[in-house]
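K.L.:
Could you have a look at this structure, given as structure tokens, before my questions?
The values are calculated or read from the model by the stated rules, or taken from the named source; none is laboratory data. Just so you know, these numbers come straight off a predicted model, no measurement behind them. Glycine gets a Cβ as well: all are built from the backbone with ideal geometry, and neighbour counts include every protein chain shown. Heads up: the accessible areas ignore ligands, DNA and RNA and are worked out on the full protein's heavy atoms, side chains in. Shrake-Rupley method; radii C 1.70, N 1.55, O 1.52, S 1.80 Å.
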Amino acid sequence: MRIALVTGYATAGSATDTDPRGQALRVATLAKTLVGLGHQVTVYARKDSPARPGSEDAGGVRFEYVPAGPPSALSQDRLLPQLGTFSSELARRWQQRPPDVVHAHFWTSGLAALGATRGTQVPVVQTFHTLGTPRKSVMSAD
């Protein structure tokens, strides 16, 4: 299968300070596992640094860094306005040769993936690694 993993943060190397939750490392590990099972895997992530190349290969995984907004690390609230551009660029890349399945990581990437596959038969799978900052509740004993 041709599998597209979509994420806000990705790197072919190790975890970075700009990825405090380790999302990039989890996605890269999943990608390498899927390649080991015989799949073609491309990780699509927003380009978050001017020094980052447009694409690179590591361990049989193709990483494509999509220009969408400033090439810097963005918080979730600053990432949201860039999702339209991210989604349009994914759709353009998948127009000639769509993936068999898209697996999006975190809600923002899910929005981009759904927009990119609109009007196609490409299924989208979504993983929510978190849904936001959990609030501690205080329970009182009565």
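K.L.:
From the list T108, T120, T127, exactly one residue is surrounded by 13 or more Cβ atoms within 10 Å (Cβ to Cβ) and either modelled with pLDDT of 90 or more or under 11 Å from A4 (Cβ atoms) (or both). Which is it? Let's see the steps before the verdict.
P.N.:
On the way: T108 fails: either modelled with pLDDT of 90 or more or under 11 Å from A4 (Cβ atoms) (or both); T127 fails: either modelled with pLDDT of 90 or more or under 11 Å from A4 (Cβ atoms) (or both).
Result: T120 is the single residue among T108, T120, T127 that is surrounded by 13 or more Cβ atoms within 10 Å (Cβ to Cβ) and either modelled with pLDDT of 90 or more or under 11 Å from A4 (Cβ atoms) (or both).
K.L.:
Checking R46 against (1) open to solvent by less than 30 Å² (accessible area, probe 1.4 Å); (2) at pLDDT 95 or above, which test does it fail?
P.N.:
Every listed condition holds for R46 apart from (2).
K.L.:
Quickly run through segment 42-94 and pick out the residues that are of a type in the set (K, R) and part of a strand (DSSP E or B). Step through it out loud before you land on a result.
P.N.:
The first filter runs over segment 42-94 and keeps only residues of a type in the set (K, R), leaving 46-47, 52, 62, 78, 92-93.
Selection gives R46, R62.
K.L.:
What residue, among those in segment 86-103 that are over 14 Å from the mean Cα position of the chain (by Cα) and polar (S, T, N, Q), is most open to solvent (accessible area, probe 1.4 Å)?
P.N.:
Per the criteria, the residue is Q96.
K.L.:
Now a separate question. Evaluate the following for L5: is it at pLDDT 95 or above and closer than 18 Å to F128 by Cβ? Steps first, please.
P.N.:
Values: at pLDDT 95 or above: yes; closer than 18 Å to F128 by Cβ: yes.
In short, yes.
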